Structure formats: structure tokens, C-alpha cells
Amino acid sequence: MEIRRKAQAGTMQSSDMMVFVEPAQELTIEIESTVVKQFGHLIRQRIEGKLQQLDVRSGRIRVSDRGALDYAIDARVETAIARAAEE
Amino acid sequence: MARTSLGRWIPETFDGRLCRPYQDPFSLQPMGQRATRALRRVNPGHNKVMANLTEAILAAGLKDGMTISTHHHLRNGDALLNMVVRAIHALGIQDITIASSSVHPVHAELLPYIHSGTIRAFECGVNGLIGEMASKGEIRCPITVRTHGGRARALMSGEVRVDVAFIAAPCCDPFGNMNGIAGPSACGSLGYATLDADYAETVIAVTDYLQPYPVAPISIAQTQVDYVVAVESLGDPQKIVSTTTRTTTDPIGLMIAGYAAEVIEASGLLKDGFSFQTGSGGTSLAVADRLRDKMLAAGIKGSFGSGGITGYFVDMLEQGLFRTLFDVQCFDLQAVRSIGSNPGHVEIGADMYANPFNGGAIVNQLDVVILGATEVDVDFNVNVNTESNGYLLHNTGGHSDTAAGAKLSIITVPSIRGRLPIIRDAVTTITTPGETIDVIVTERGIAVNDRHSDLKEELLRRHLPVKDIRELQQEIVALTGQPKPLEFEDDVIAVIEYRDGSIIDCVRRVKA
């Protein structure tokens with residue numbers, strides 16, 4: 001999928017995540033998280049996996065995480081990308 | 001370095017005091033006599049009222065290196081400790097140790113005075129930013145964390161000597177008789193301040209509601225008080241007591257509360273004479289709510305409720321479900337109203353509440369206590385002091401005291417908080433030893449300490465979701481992933497004192 005425009009998904013509640021995406025030349029992922037020390041590596045891995053699965057090759061991905069579990073990360077990333085891919 | 005029986009490495013000394021490593025909850029024997037203070041004489045015509053705090057501080061003879069205290073019944077609405085430290089700073093007095101009963105987030109205002117050297121150390125636990133800054137190494141200020149009973153013990157034994165106690169007195173007369181039931185800063189019980197009144201070398205009552213002599217009922221008497229100061233305001237009434245405390249509406253919290261109530265019923269302790277303590281958190285109150293229903297349905301008359309008292313307990317007293325409330329601190333307005341009017345609602349001091357070194361504390365008479373945790377581990381040890389980021393953020397309160405005293409101590413805790421698995425191989429900091437914890441209740445299952453095989457069987461017979469604690473832990477980590485362990489520097493920023501004065505753990509600076 002292609003990121004055509006700015007979009008977002010999620011909430012800032014505990015155990016959830018806000019995902020912001022926008023078009024860019026390169027693919028970058030920025031992570032801010034309440035549990036970055038403990039889980040930063042796993043959050044990045046999960047987002048990278050999801051982007052690969054959705055075939056996203058470029059765009060600026062920013063997440064503000066409040067301790068989302070893997071399935072919540074998947075859902076928020078997928079929704080943000082789907083919204084950004086709309087014409 | 002010395003090693004506790006639970007395998008924690010602690011320093012040989014901390015802030016100039018020898019650290020005795022924790023061994024077990026019950027065998028350490030006290031030695032010696034109670035602390036004393038000088039006799040005094042007040043003749044007819046003597047005036048105790050000082051024009052302001054500064055005059056009272058000078059009259060008390062406060063000097064560099066001395067120790068002061070306040071009590072924390074005004075909680076996060078307290079203005080007194082900040083006011084006192086500002087006055088001490090203005091007088092140029094340095095190296096003061098603060099031995100209050102607790103310190104709250106509102107006291108983050110003290111940070112500049114730690115930097116400036118006005119404050120040297122805390123002989124008490126801290127809630128909020130001060131502990132976080134110490135954990136990050138941004139302030140240097142030794143912190144000795146104590147339980148409520150442990151603080152009573154330390155004052156009574158003279159391990160902590162308070163030179164000047166500043167007692168926030170919500171309703172006070174010019175001769176120093178005071179109570180907490182009237183005035184704009186009414187907080188109810190003054191239970192933590194009674195120790196300061198008994199043992200501090202000089203006692204200053206500070207009030208924003210000076211009433212004609214005599215004030216009654218009397219919580220702390222004129223015989224204990226040296227000076228009286230009237231100030232405009234002791235704090236923010238909105239933050240002193242909650243208008244109401246409510247049960248949780250969170251489905252996870254309700255599920256945990258439901259299981260906890262079932263555990264209590266299965267324990268066989270819920271019968272006439274039942275005694276119970278719980279905090280003011282939403283899940284704890286939901287447990288109290290379910291117990292009330294069970295007691296009403298079965299016609300059970302309990303004996304007492306204790307600790308921090310909420311409107312829930314007041315209702316149970318008024319419904320005849322408890323004969324007595326032992327109140328060391330009021331959590332809401334209904335409790336404040338009740339302590340001034342219900343004869344069965346008894347104000348108690350921290351000594352009677354929880355001190356291990358007296359003729360027997362109320363916690364020893366408790367059947368059941370419901371407690372919280374930031375983390376627990378597979379040995380049932382509990383952490384309430386540090387968060388999973390390693391920062392010292394919470395004081396112990398009566399956690400270890402009630403866990404040691406009660407027949408059944410139950411930890412109610414969600415299995416996951418913001419992705420962090422709550423059951424760990426080893427807690428970041430041991431506050432309360434697993435030997436004194438009986439059951440851990442989460443929404444994913446109930447873990448029972450091996451010492452209670454009878455209870456475990458009874459819970460299984462009742463088809464409650466009993467799980468081995470390691471099994472429960474694995475189930476949780478399968479969802480969250482394995483967190484990276486925190487990294488710490490070697491320097492110790494705080495020691496965690498067990499209620500008997502031994503050191504059960506310490507808190508190290510977190511690696512940046």
C-alpha cells in the first residue's frame with residue numbers, strides 16, 4: 001500500500017497507541033513509548049513486520065505508545081495505513 | 001555489602017546508620033527502653049501563641065543539622081511542609097532532615113531546597129517527583145523508606161529523633177488542644193501525628209482555624225504542645241480529602257474484586273467477628289462492596305474495620321456490619337463526618353495501628369487485608385515502592401504491617417499494566433516479603449502461596465481459577481513479550497526498611 005496523505009489511528013489511552021503517518025521519500029519509524037526501555041525493540045519489530053506485510057515502502061511513521069499489546073499495534077498501524085492510502 | 005535472607009544486596013551502612021539485613025518477619029527482638037524527651041514546665045499566664053512560623057522556629061531553637069517532621073493527613077493538599085521549609089530556608093538554616101510521616105507530589109516544591117542544601121535527607125518515604133529525581137541521580141539526598149508501623153517504632157525507639165514537629169492542626173485552641181474534625185482543613189483522624197506529639201523535642205501546632213479554649217474532642221492535647229501558630233491556610237481542602245471515594249467501574253477491576261470476595265468467603269474467615277482492612281482504591285472498594293452484600297445476606301456481624309477509612313466502611317458501621325472502625329487516616333468527607341459523631345468510629349495512632357515493637361498492634365487482630373502492588377514475583381514478594389521503570393515513586397504506607405499482621409493478606413492486581421507484566425521472576429524492589437502474602441488475585445487467575453494448601457483446595461472445589469504462579473506468569477508474558485531488564489548504577493539512593501527496622505531492600509540509581 002502507498003501512503004498518499006496524512007492519516008492517524010488510535011487513542012492515547014493506557015494499553016493503546018496513536019499512529020501518525022504521512023508521505024515521505026524514505027521509510028522512517030519514530031517511536032515514543034511509556035515502555036520504550038522495556039519493549040522499544042519489540043514494538044519496532046512488530047511495526048516493521050506489519051509494514052512489510054502491507055507492502056509499505058516509504059512514509060514517515062510516528063507512534064505514541066501507551067503500552068499497546070501486539071494485536072493493538074497491528075490494528076492501529078493497519079488502520080492508519082488504510083486511511084492514508086485512500087484517494 | 002550485606003545480603004538479606006531474600007538474596008538482596010544492601011549496603012553495610014546508609015546515611016551513617018548501620019544496615020541490618022532483613023531475616024524474617026517475626027523474630028527480631030527489640031532491646032532497650034523507649035525514647036524520652038526533656039521535662040518541661042509551663043506556669044500560669046504562659047502564652048504559647050507565636051506571631052508566625054519564623055518566630056516559632058526561632059523559639060524552638062531549630063539549628064543546622066536538626067530533624068523536623070509533619071504529618072500527611074492533608075495528603076496532596078498539604079501546604080504546611082512547603083511553608084515550613086521556605087521559612088527555614090529564609091532563616092539560613094541548613095542540612096535539615098525531614099522525618100515526616102509521608103511526602104506527596106505537592107512537595108516537589110521542595111526540590112530547590114534540596115539543591116540549595118536546606119534539606120539534607122528524608123527519614124521517610126516519598127511519593128512523586130522527589131523520588132524520581134533521586135532515582136535519576138539529579139538530586140543527592142538519602143531516603144529511608146519506612147512503613148507506618150516502622151515509623152512508629154523508629155520514633156519510639158529513638159532511632160529517629162525529631163527535634164521540631166510541625167503538626168497541622170485543622171482545629172486548635174491557643175493552648176494547643178487540637179482535632180481534625182472541624183475547620184477548613186478538616187482531615188479527620190490525626191493518627192500519624194500522635195507519635196510526633198509524644199516524642200518530638202519541641203511540638204508546634206499550626207492551624208488555620210484557631211478557636212477559643214478549649215477545643216474538644218481532643219486528639220492531641222495541650223500537654224504535648226509547646227507553641228501554637230495561626231496561618232491563613234494549611235492547604236487545599238479539595239485535595240485534602242476526596243468528596244467521595246467510589247468503587248471501580250473497570251471490568252477488569254470488577255472481575256478481580258469478584259474473585260477476591262470469593263477467596264475471602266472460601267477462607268472461612270467471613271463469620272461473626274470478622275475484621276477487615278482495605279485501601280481507598282476502586283478495586284479495593286469493590287471488594288468491600290461485595291463483602292457487604294455477603295455479610296448482609298448471611299446476617300454476619302463483623303468486629304472491626306481498620307486503616308484508612310472511607311465512606312464504605314462508615315456505611316458498614318452504621319448498618320451494624322462492624323462494631324468498631326479503627327481510623328488512622330480518613331480518606332473522604334463521609335469518614336471525617338463520622339469520626340466526629342459515631343462513638344464506634346475510633347481515632348487511633350500509628351503506634352496502636354501497626355508498630356511491631358509494643359504490646360500488640362491492631363494489625364495483629366486483622367482477619368483479612370486487601371492490598372495493591374506495582375509488581376509481585378513468583379516468590380510472592382511485593383513491590384509498592386518502585387515502578388517498572390525503576391523510579392522510587394511510592395511510599396510503603398501500612399502495606400508490610402498489615403500483610404504481616406492479618407490472617408489472610410490478599411494482593412489484588414491487574415495482570416498487565418500498559419504492557420508491563422505484573423508477575424515477575426523477581427520484583428524490582430522488595431517492599432513486603434512473600435512469606436507474609438497469602439493470595440495474589442488477577443483477572444487471569446488466582447495464585448495461592450504454598451503455605452495454604454487447604455485454601456487452595458477449597459478454591460479449586462469452588463471452581464475458582466486457581467493457577468500456579470509460574471503458570472500464570474508465563475500466560476501473561478506470552479501476551480506482553482519479555483521486557484528488557486532495567487539497568488542500574490551501583491549507588492544506592494534509598495533503603496527500604498522493613499517494619500522491624502531491618503533493611504529488606506534498597507533502591508539504586510537508574511542508568512540513564
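Things to note:
- Overall Cα dimensions of chain B, principal axis frame, Å, largest first: 72, 55, 42
- Positive-pole candidate from A:Ala24, A:Ile73, A:Leu51, dipole of the range A:22-87, charges at beta carbon: A:Ile73
- Approximate spin-label separation A:Ser58-B:Thr223, in nm, with each point projected 7 Å along Cα-to-Cβ: 8.6 nm
- B:Ser341 paired with B:Asp490, simple spin-label distance in nm, labels 7 Å along Cα-to-beta-carbon: 6.2 nm
- Of all aspartates and glutamates in the structure, the ones whose alpha carbon falls short of 18 Å from that of B:Lys467, not counting any fewer than 8 places away in one chain, are B:Glu262, B:Glu375, B:Asp377, B:Asp379, B:Asp425, B:Asp438, B:Glu443, B:Asp450, B:Asp454, B:Glu457, B:Glu458, B:Glu475.
- Rounded to whole Hz, the Karplus (6.51, -1.76, 1.60) HN-Hα couplings of the range B:209-223, x for glycine and proline: 8, 7, 10, x, 5, x, 7, 8, x, 9, 8, 10, 9, 3, 5
- Volume of the Cα convex hull of the protein assembly as shown, divided per residue and given in Å³: 166 Å³
- Percent of beta bridges antiparallel (DSSP, chain B, rounded to nearest 5): 30 percent
- Computed over the alpha-carbon pairs of the range A:41-82, the distance histogram in 5 Å steps reads 5, 22, 43, 23, 7, 1 percent, short to long.
- Mean partner shielding of peptide A:35-48, defined as the number of other chain Cβ atoms within 10 Å of each residue Cβ, is 4.
- Annotation: Cα Rg of the range A:7-85 relative to the compact-globule expectation 2.2 N^0.38 Å equals 0.97.
- If R0 is 60 Å, the Cβ-Cβ spacing of A:Glu48 and B:Arg3 corresponds to a FRET efficiency of close to 0.90.
- Pairs of Cα atoms farther than 25 Å apart, the range B:1-151, %: 41 percent
- Ellipticity estimate at 222 nm from DSSP helix runs (n ≥ 4, -39,500 (n - 2.57)) divided over chain B, nearest 500: -7500 deg cm²/dmol
- Charge dipole magnitude, Cβ of K and R +1, D and E -1 - the range A:7-85, Cα centre, debye nearest 20: 60 debye
- Total charge dipole magnitude, the protein assembly as shown, about the Cα centre, Cβ charges on Lys, Arg, Asp, Glu only, Debye to nearest 20: 200 debye
- Here's how it looks for B:Thr67: its modeled amide H is under 5 Å from those of B:Thr97, B:Asp163, B:Val164, which are all 5 or more places away or on a different chain.
- For the range B:1-117, the residue among B:Thr13, B:Ala60, B:Val84 whose Cα projects farthest onto the positive side of the dipole built from Cβ charges is B:Ala60.
- Taking the Cα centre of chain B as reference, the dipole from Cβ charges on Lys and Arg (+1) and Asp and Glu (-1) amounts to some 220 debye.
- Annotation: B:Lys407 carries an accessible surface of approximately 130 Å², with a 1.4 Å probe and no ligand, DNA or RNA atoms counted.
- Pairs exceeding a 29 Å alpha-carbon distance, out of B:Lys271/B:Lys456; A:Lys37/B:Lys239; B:Lys456/B:Lys511; B:Lys294/B:Lys407: A:Lys37/B:Lys239; B:Lys456/B:Lys511.
- Note on B:481-493: average number of Cβ atoms from other chains within 10 Å of each residue's Cβ is 2.
- Overall Cα dimensions of the range B:300-457 - principal axes, largest extent first, Å: 48, 38, 33
- Rolling a 1.4 Å probe across all protein chains gives B:Glu471 an accessible area of roughly 90 Å².
- Spatial separation of Cα centroids for the range B:106-129 and the range B:1-58, in angstrom: 18 Å
- Residues of type lysines that B:Lys48 reaches as a straight line, Cα spacing below 29 Å, ignoring anything fewer than 8 places off in the same chain: B:Lys63
- Under 11 Å from the A:Glu30 label point (7 Å along Cα→beta-carbon), backbone N, the range A:38-81: A:60-64
- Derived scalar couplings ³J(HN,Hα) [the range B:305-310; Karplus, 6.51 cos²θ - 1.76 cosθ + 1.60; whole Hz; x for Gly, Pro]: x, 9, x, x, 9, 10
- 5 angstrom amide H check on B:Asn177, placed H, neighbours 5+ away: B:Val215, B:Gln222
- Calculated SAXS-style log₁₀ I(q)/I(0) at q = 0.13, 0.14, 0.20 Å⁻¹ - the range B:372-469, Debye, Cα scatterers: -0.42, -0.48, -0.96
- Most to least packed among B:149-157, B:319-327 [average Cβ atoms within 10 Å]: B:149-157, B:319-327
- The string of couplings for the range B:260-267 from the Karplus curve (6.51, -1.76, 1.60, θ = phi - 60°) is 4, 5, 5, 4, 4, 4, 5, 5 Hz, one whole number per residue in order, with x for Gly and Pro.
- Long-range HN-HN contacts of B:Gly397 with modeled amide H, under 5 Å: B:His148
- The lysines whose alpha-carbon is closer than 27 Å to the alpha-carbon of A:Lys6, local same-chain residues fewer than 8 away aside, are A:Lys50.
- Inter-chain Cβ neighbour average for residues B:66-75, partner chain, 10 Å: 0
- Rounded to the nearest 10 degrees, the angle from helix B:469-480 to the longest Cα principal axis of chain B is 90 degrees.
- Gain in span if fully extended, B:Leu39 to B:Arg462, counting 0.36 nm per residue against the direct Cα distance: 146.2 nm
- Paramagnetic reach from B:Ala478 (point 7 Å along Cα→Cβ, amide N under 14 Å) across the range B:439-456: B:444-445
- Helix B:282-298 and the longest principal axis of the Cα set of chain B meet at an angle near 70°.
- Ranked packing of B:80-88, B:168-176, A:3-11, most packed first, by mean Cβ within 10 Å: B:168-176, B:80-88, A:3-11
- Eigen-decomposition of the gyration tensor built on the alpha-carbon atoms of the range B:303-366 gives equivalent ellipsoid semi-axes of 21, 12, 9 angstrom, largest listed first.
The values are calculated or read from the model by the stated rules, or taken from the named source; none is laboratory data. Quantities reported herein were computed from a predicted structural model and do not represent experimental measurements. Note that each Cβ is placed from the backbone with ideal geometry, even for glycine, and that neighbours are counted across all protein chains shown. The area values use the complete protein model at the heavy-atom level, side chains included, leaving out ligands, DNA and RNA. Shrake-Rupley method; radii C 1.70, N 1.55, O 1.52, S 1.80 Å.
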